[in-house]
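Here's the structure, in structure tokens; my notes come after.
Values in this text are rule-based calculations from the coordinates and carry no lab data. Since we're looking at a predicted model, the values are computed, not measured. Cβ placement follows ideal geometry from the backbone for every residue including glycine, while neighbour counts extend to all protein chains displayed.
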């Protein structure tokens, strides 16, 4: 109601005033004022407020700088002050400097606030008076006002409505508003502003559109970038090569090579000739995605089109061939660079250094570093980080630390990747305390630690068997707002399971669910395996059912853990069922799966089935491993099949496999069981000559048999031999020996 009253009062005042030049549409202006005025209540006119005639005197007072005149002061005693300020600004359009001074002065008056209309009128006056920087200042202040304002589209509406008072559409001021929104980073508002401008046919300049498009592309806002580009095309504007280059580069970086190629063709169809920047984006995009032949074809097309490849072109080609392991090809382009008098830069050298480091070719990397320095190039953070990471991975921690010192002395700041490489290298060198110190240095330098740094530290603490610290680091990183991913959770769960802390591992799985992370089959398999080893077969099978309920198909690794666990629990039939189930699902059992079941069958007296499985394994092109042979040998020996056991031993030797402690123990037990003590001692001698040291179980097996045979001299000899070799009996060793003797 108050706004309606204001409208009527404004219309009455406009009717009483004498006609002015280009008065505009008072109703439209009134509505704009009613919509965007910061006042909610309009009290009656103040008796000292200047009337229509007195209002005409104000422009002259402003021009003369008579800011203390009572008439000017009385201007702000009325609730209609914004309307009157707008009128004065229009009257001062021929004197934009005075208009600007008046606008600023009015804004500083107590209790007065400019409306969107006064801002827009001031912008028009200043822009028409070629005071472009001041006009932009006014528009910037408008869009940054702290109080609630209409959106950018509504500002365009008022700007368009007020433009009619100036005898021209005022295209430039619209471009200025668009540019201000873009420069302030209000990209979505700028895009909305453009859409509204299309309605009024007052479009910004192509250069301004390119500026917004580039900012949108760099911000990673793909949907808005594509929408704005389509808006440009629908507006019948003529995109420049710069416009196309922005979008082609954007699509290439997003991996949408199909869209990039389509735009490239459209560009040529519209008569816009691609330049070296266009080709560089396409070559880099295709190269990084492994389309190396297409990258080289584009290079050829580029040359035919008269675009001379520059250092960026060659760097893109060298980078992609290095990335995909084709160093000779990369060197070929380095030679071509030199032939074409294109000088390599710091990026060129850094690419090669990084490639050498990743291949473990540290000497070549150092040679390139020296050559780089001789040519006057200063290594950057990427160069140093590659060398530090390469040396850490190669175990050259000392060299890595020397490079860190050099980096600091050169004033090159360490980044998060450099720190991560250092922490990882120190942890792998079992210098976890020093790695912790690097983390502290990192934080003091203002470099925020990321997930990779914590992952390296957690791995380091696992390796040093400091489980408590590893788990506490997980809590610490979450406290800093760093979210662990599935891989890191999996690492910690693996560590907990290895330490027998199954309940804590399962708690972390629940925590993952709460965080929206889905535990994968590796995590379930890890806990399942730990449950079997802890004798909790029912819990292990429960995890299998949970996997299936979640629609997660077990992997071969899962089935290996399942078969092995069930076999060790003596549930041989259930293990066989799951082995067959694995094949029914189209999963080809691997060596570990076959070996686990063969071992289980042999230990449970199912030698016939084990032999069939062993034969099937070899028939499927899988060479049985040492464990498979040893299990079958042990099975034959327990059934007294010494000849078959020796045949398997010979087969092992043919395949380059040698008996281990378990295999020799089985043979010695077999001979002892058949009173063939000379053969048992010969097997022990062979065992020692092959570098396999007998343990307490072997000695106990022989001693027990000699005791039964009453040969106490041999018992004494064996006991002395045990003492000489440092084999010390333990309480549980008798139980171990009794398994075989």
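Based on DSSP H segments of at least four residues, each scored -39500 (n - 2.57), the chain has a per-residue ellipticity at 222 nm of -22500 deg cm²/dmol.
Separation of region 521-576 from region 62-93 is 85 Å, based on Cα centroids. Residues of region 453-489 with amide nitrogen under 18 Å from the 7 Å Cα-to-Cβ point of residue 518? Those under the cut-off are 485-489. Distance between the pseudo-spin-label points of residue 57 and residue 413 (7 Å out from Cα toward the beta carbon): 6.2 nm.
The distance linking region 262-282 with region 600-665 is 67 Å (Cα centroid to Cα centroid, whole angstrom). Full extension of the chain between residue 230 and residue 363 gives 42.7 nm of extra length, using 0.36 nm per residue less the Cα-Cα distance. Can you compute the FRET efficiency between residue 338 and residue 303 using 1/(1 + (r/R0)^6), with r the Cβ-Cβ distance and R0 = 22 Å? Round to the nearest 0.05. For R0 = 22 Å, the calculated efficiency reads 0.85. If I model a spin label at residue 186 and residue 430 as a point 7 Å from the Cα along the Cα→Cβ vector, what separation in nanometres do I get? Each label point is offset 7 Å from its Cα along the Cβ direction, giving 6.2 nm. Counting only the backbone N, which residues of region 602-631 are under 19 Å from the spot 7 Å out from the Cα of residue 654 toward its beta-carbon? Counting only backbone N, you get 611-631. Our estimate of slack between residue 259 and residue 406, defined as 0.36 nm per intervening residue step minus the Cα-Cα distance, is 48.5 nm. For the pair residue 688 and residue 345, a Förster radius of 51 Å applied to the C-beta separation gives a FRET efficiency near 0.20, rounded to the nearest 0.05. What share of Cα pairs, in percent, lie more than 35 angstrom apart in the chain? Roughly 70 percent, rounded to a whole number. Between residue 200 and residue 310, the simple label model (points 7 Å from Cα in the Cβ direction) yields a spacing of 3.8 nm.
Paramagnetic label reach from residue 67 (point 7 Å along Cα→Cβ; backbone nitrogen cut-off under 16 Å): within region 84-127, residues 97-112. The distance linking region 456-504 with region 388-432 is 23 Å (Cα centroid to Cα centroid, whole angstrom). Volume of the convex hull of region 554-638 (Cα atoms only), normalised per residue: 78 Å³. Normalised by the number of residues in the chain, the mean separation of alpha-carbon contacts (under 8 Å, six or more apart) gives a relative contact order of 4 percent.
Per-residue extension of 0.36 nm, minus the Cα-Cα distance of residue 615 and residue 398, leaves a gain of 72.9 nm for this segment. Hey, with R₀ at 45 Å, roughly what FRET efficiency would residue 534 and residue 674 work out to, going by the Cβ-Cβ distance, to 0.05? The calculated FRET efficiency here is 0.75. Ordering of 558-567, 183-192, 78-87 by packing is 558-567, 78-87, 183-192, highest average first (other Cβ atoms within 10 Å, averaged per residue).
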